[in-house]
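The values are calculated or read from the model by the stated rules, or taken from the named source; none is laboratory data. The shown structure was predicted, so the numbers you read here are calculated from the model rather than taken from an experiment. Using ideal geometry, Cβ is built from the backbone for each residue, glycine included, and neighbour counts are taken over all protein chains shown.
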Amino acid sequence: MKKIPILLAALGLASYSGLAFAEADAERGAATAAICMACHQADGSGMNIAGGESWPRLAGLDAAYISRQLHDYKSGARSNASMMPFVNMLNEQQIQDVAAYYASLPATQGKGSEGADEATLKRGQQLAERGDWSDYIVSCKSCHGPDNQGAGDVFPGISGQHAGYIKAQLQAWKAGARKNDTQDLMGSIARRMSEDDIHAVAVWLASQNSVAK
Amino acid sequence: MIRTLSYAALSGTLLFSVNATASDATTQQYIDTLTELGYPAPKDDELVHIPPTMEDLENAKLHPELKRVIRKGYDLFTNTQQLRGENVFNNMNCSSCHLGEGRMPFSAPVWPAAVTLPNFRGKNDHVNNLEERIAGCFTYSMNGKPPEYGSDNMLAMSAYHQWLAKGVAMYPEQPIYGRGFPAPDRPEELSYARGEAAFEEKCSVCHGSDGEGLRVGDQTVFPATWGDMSNNWGAGIVRIFTAAGFIKNNMPLGQPNSLSDQESWDIAYYMSNQERPQDPRYTGDVKETLKNTEARFHKHSMYGQARETDGHVLGDHSNTGEKSFLKPDTIRPRTFE
């Protein structure tokens with residue numbers, strides 16, 4: 001039963017909570033997104049910031065996924081000091097609209113893999129595509145889908161995401177600072193990853209295409 | 001434990017180790033990782049084998065052409081959907097059930113087949129070799145039609161199995177550590193309602209509330225747990241104890257041994273109460289088919305029984321799923337006469 005409201009949200013017909021709202025409107029979302037652009041940029045590409053807080057690429061991500069993250073920021077299930085003031089400006093309709101807007105933008109390329117050495121990229125590719133079962137680290141793609149470009153509305157595309165953002169999220173899951181994943185599916189893997197593995201997989205994913213070419 | 005370790009030192013990747021002490025340490029570390037994940041430690045007389053990886057293959061002293069064929073076998077094993085419509089008629093890959101590329105203990109690692117076959121198999125009542133065993137998986141778990149015996153694809157998959165068994169003696173006398181999907185003790189009572197609730201809570205985010213799984217394009221991300229795109233009624237995992245063993249040891253993905261024994265069995269019982277394509281051993285009559293297969297197989301599943309929630313008799317249909325035939329020609333008795 002629970003997937004019905006999710007489906008409706010994905011179609012933009014209702015909110016996650018099942019209450020009726022006007023259809024999500026990407027054009028209206030574009031206007032609302034004005035408050036997001038300082039960080040996420042006009043084209044939704046975000047920014048990789050070496051040594052600082054990277055802002056994720058939102059362009060081309062699944063609308064229901066973006067919407068769920070915004071709800072989670074609002075409820076406190078996910079926390080981030082930079083996001084908090086902005087998400088609190090959004091009402092339910094605006095969350096739907098802004099999610100639809102970013103989902104409609106063409107995906108941009110990730111940054112942060114420049115200068116990575118071959119051994120690091122090779123290890124990153126192994127973790128992303130095959131995992132390392134000797135430490136029970138399952139591959140990224142076993143949930144994030146073919147080429148890690150996302151699967152359904154729960155598992156976001158991570159290929160072509162900025163290395164700095166992926167790294168920060170894996171570190172947050174590992175430390176228990178982020179835990180809004182269903183059933184600890186991400187947390188349980190992140191906790192088995194070394195800092196080197198986190199770095200390797202982040203730079204490799206950043207170097208990959210965000211959508212099928 | 002010393003005996004176990006000394007055996008392990010003779011097997012698999014450990015052959016590459018320069019001395020026995022290093023091998024023992026490697027094996028101990030392997031066992032420590034597994035016990036930390038909640039798996040039992042090997043018993044003193046059990047054979048512990050660490051199957052070689054694809055990286056080990058690159059460094060192995062094998063003919064380059066053999067390496068190429070083993071890589072092809074690996075590719076078929078982990079992306080069996082490339083045979084869709086030819087040999088595979090559902091959403092399964094070999095690696096959907098044999099996790100960790102067929103290498104993980106407690107996830108029916110596939111290398112034991114390479115060292116214990118040919119052997120008598122109760123399921124079809126005759127001696128099977130490795131190819132026929134693989135053919136069984138295609139017939140039932142993939143709801144399909146096996147690649148021809150001796151074909152390139154069959155040889156490649158066999159080669160991958162044998163590579164994983166590298167260094168293990170043929171017909172080992174010791175029991176094999178982590179073989180199959182060892183089931184937890186069966187609880188006194190199994191509950192459909194509890195299984196349904198647990199499936200919804202713990203499994204449906206990936207496998208869907210209707211067990212449909214998830215596909216992206218022509219690839220399977222999460223396999224269907226029942227229905228036309230899942231294994232048929234003849235697959236080993238329709239047996240409740242096998243499914244309970246798979247679930248307990250492997251699910252949710254990344255969290256082995258996190259569900260209770262009761263939850264694992266309840267979910268398995270719930271799954272065995274759902275429909276799926278017909279058993280290729282079907283005679284046209286579910287009661288007769290049940291009678292033929294009950295002692296060896298279906299006494300462990302819900303096949304042919306009335307579902308408690310609505311009285312539906314499970315398997316009482318002629319639906320073969322996506323394929324147009326019931327039984328592939330390769331499935332036939334052998335008499336060696």
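Considering only segment B:298-313, state which residues are part of a loop (DSSP other than H, G, I, E, B) and buried (at least 21 other Cβ atoms within 10 Å of the Cβ).
B:SER301, B:MET302, B:TYR303, B:GLY304
Given (1) part of a helix (DSSP H, G or I); (2) surrounded by fewer than 21 Cβ atoms within 10 Å (Cβ to Cβ); (3) among the basic types (Lys, Arg), where does B:ARG215 come up short, assuming only one miss?
So B:ARG215 meets the others, but not (1).
Which residue pairs have Cβ atoms closer than 8 Å, lie 6 or more positions apart in sequence or on different chains, and pair a first residue in segment A:52-72 that is of a type in the set (Phe, Trp, Tyr) with a second residue that is surrounded by 20 or more Cβ atoms within 10 Å (Cβ to Cβ) and in a loop (DSSP other than H, G, I, E, B)?
A:TRP55/A:GLY46; A:TRP55/A:HIS162; A:TYR65/A:GLY150; A:TYR65/A:PRO156
Looking only at segment B:267-292, count how many residues are surrounded by 18 or more Cβ atoms within 10 Å (Cβ to Cβ) and over 23 Å from B:ALA224 (Cβ atoms).
1
Of the residues A:ILE158, A:ILE166, which single one is more than 9 Å from chain B (Cβ to nearest Cβ), in a helix (DSSP H, G or I) and surrounded by 21 or more Cβ atoms within 10 Å (Cβ to Cβ)?
A:ILE166
Working only within segment B:113-132, note down all residues that are farther than 20 Å from B:GLY150 by Cα and of a type in the set (Asp, Glu).
Passing the criteria: only B:ASP125.
State yes or no: is B:LEU57 touching a residue at least 60 places away in the same chain (Cβ under 8 Å), more than 18 Å from the chain's Cα centre (by Cα) and closer than 26 Å to A:GLU129 by Cβ?
Numbers: touching a residue at least 60 places away in the same chain (Cβ under 8 Å): yes; more than 18 Å from the chain's Cα centre (by Cα): yes; closer than 26 Å to A:GLU129 by Cβ: yes.
Against the criterion (touching a residue at least 60 places away in the same chain (Cβ under 8 Å), more than 18 Å from the chain's Cα centre (by Cα) and closer than 26 Å to A:GLU129 by Cβ), B:LEU57 qualifies.
Across segment A:91-144, which residue is farthest from A:ASP72 (Cα to Cα) among those that are charged (D, E, K, R) and within 12 Å of chain B (Cβ to nearest Cβ)?
A:LYS122
Within segment B:179-217, track down each residue that is more than 10 Å from every other protein chain (Cβ to nearest Cβ) and touching a His at 6+ places or on another chain (Cβ under 9 Å).
B:PHE199, B:GLY213
Among the residues of segment B:181-204, what is the count of those that are over 25 Å from A:LEU185 (Cα atoms) and buried (at least 18 other Cβ atoms within 10 Å of the Cβ)?
Summing the residues that are over 25 Å from A:LEU185 (Cα atoms) and buried (at least 18 other Cβ atoms within 10 Å of the Cβ) in segment B:181-204 gives 1.
Consider only pairs whose beta carbons are under 6 Å apart and that are at least six residues apart or on different chains; among these, list those whose first residue lies in segment A:178-202 and is buried (at least 20 other Cβ atoms within 10 Å of the Cβ) and whose second residue is basic (Lys, Arg) and assigned to a loop (DSSP other than H, G, I, E, B).
Cβ pairs passing all conditions: A:GLY187/A:LYS179.
Please go through segment B:269-297 and pick out each residue that is over 23 Å from the mean Cα position of the chain (by Cα) and not in a loop (DSSP other than H, G, I, E, B).
Hits for segment B:269-297 are B:VAL286, B:LYS287, B:GLU288, B:THR289, B:LYS291, B:ASN292.
Results for (1) touching a residue at least 60 places away in the same chain (Cβ under 8 Å); (2) acidic (Asp, Glu), shown as yes or no for each residue.
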residue	(1), (2)
B:THR242	yes, no
B:PHE246	yes, no
B:ASN249	yes, no
B:GLN262	yes, no
B:ASP266	yes, yes
B:LYS299	no, no
B:PHE325	yes, no
B:PHE336	yes, no
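Looking at (1) within 25 Å of B:CYS94 (Cα to Cα); (2) within 13 Å of chain B (Cβ to nearest Cβ), find the lone condition where A:ASP153 falls short.
Condition (1) is where A:ASP153 drops out.
Scan segment A:109-137 residue by residue and report those that are surrounded by 20 or more Cβ atoms within 10 Å (Cβ to Cβ), touching a Gly at 6+ places or on another chain (Cβ under 9 Å) and on the phi < 0 side of the Ramachandran plot. Please lay out each step first, then the result.
First, the residues of segment A:109-137 that are surrounded by 20 or more Cβ atoms within 10 Å (Cβ to Cβ): A:110-113, A:124, A:126-128, A:130-131, A:136-137.
Then drop every residue that is not touching a Gly at 6+ places or on another chain (Cβ under 9 Å), which leaves A:110-113, A:131, A:136-137.
Hits for segment A:109-137 are A:GLY110, A:LYS111, A:SER113, A:ILE137.
Would you confirm whether any residue within segment B:101-119 is assigned to a strand (DSSP E or B), modelled with pLDDT of 95 or more and not polar (S, T, N, Q)?
No - not one qualifying residue is present in segment B:101-119.
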